[in-house]
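This report concerns only the one structure given below.
The values are calculated or read from the model by the stated rules, or taken from the named source; none is laboratory data. The model shown is predicted, which means the values in this text are computed figures rather than measured ones. Here the Cβ positions follow ideal geometry from the backbone for every residue, glycine too, while neighbour counts run over all protein chains shown.
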């Protein structure tokens, strides 16, 4: 738990102490509840798992399906409105900002044909997903990629890509420096 909390302090200048993270950060609470819900999900107690995830959603505004696979040090900053679908896989040291979705694209018809298949994204290590970004379908976002605010991703994203727009386009190569929201004002992007 100490490394998890320290990783947030390292990425968030507003974080003052580990105690404040535990008491006031909804993303910390959501990840904690997810660990419990995931335990019950893997033990095949689906109703208990879903109840815990819905309680977490009520308390934090963040919805993480109990089946999602989450690596170390996931930081959900601000958090309100974040949705992480059932077959999502998230690597280590990923940062996700408010209103982001890791969702599916399959229609609701023929739901039985869609059970037990990969429907949601795979997010590799050290990715930043900006506020309002939508990462949809069984795509892979490569290591160290930066997804800009409100970008819509429906295709695989290469390692270290900087993705912006609707539909998202690769506008550069991400450096290793942590950049909140995927890009900053001084990012090398062209405007029309």
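Things worth noting here:
- Filtered residue count, region 58-69, keeping only those that are without any contact (Cβ under 8 Å) to a residue 24 or more places away in the chain and surrounded by 16 or more Cβ atoms within 10 Å (Cβ to Cβ): 2
- Taking each residue of region 77-96 that is on the phi > 0 side of the Ramachandran plot and touching a residue at least 12 places away in the same chain (Cβ under 8 Å) and looking for partners that are outside any loop (DSSP other than H, G, I, E, B) and surrounded by fewer than 20 Cβ atoms within 10 Å (Cβ to Cβ) with beta-carbon atoms closer than 7 Å, six or more apart or interchain, yields 79/26; 93/7.
- Number of residues in region 89-128 that are out of contact with any helix residue (DSSP H, G or I) (no Cβ under 7 Å at 6 or more places or on another chain), closer than 19 Å to residue 69 by Cα and not in a loop (DSSP other than H, G, I, E, B) equals 11.
- Residues in region 6-36 that are more than 17 Å from the chain's Cα centre (by Cα) and part of a helix (DSSP H, G or I): 6, 9, 10, 18, 19, 20, 21, 22, 23, 24, 36.
- Listed by first and then second residue, the pairs linking a residue in region 109-132 that is surrounded by fewer than 19 Cβ atoms within 10 Å (Cβ to Cβ) to a residue that is assigned to a loop (DSSP other than H, G, I, E, B) and modelled with pLDDT under 75, with Cβ atoms under 8 Å apart and 6 or more places separating them unless they lie on different chains, are 114/106; 119/106.
- Some residue of region 47-68 being over 24 Å from residue 104 (Cβ atoms), touching a helix residue (DSSP H, G or I) at 6+ places or on another chain (Cβ under 8 Å) and part of a loop (DSSP other than H, G, I, E, B): no
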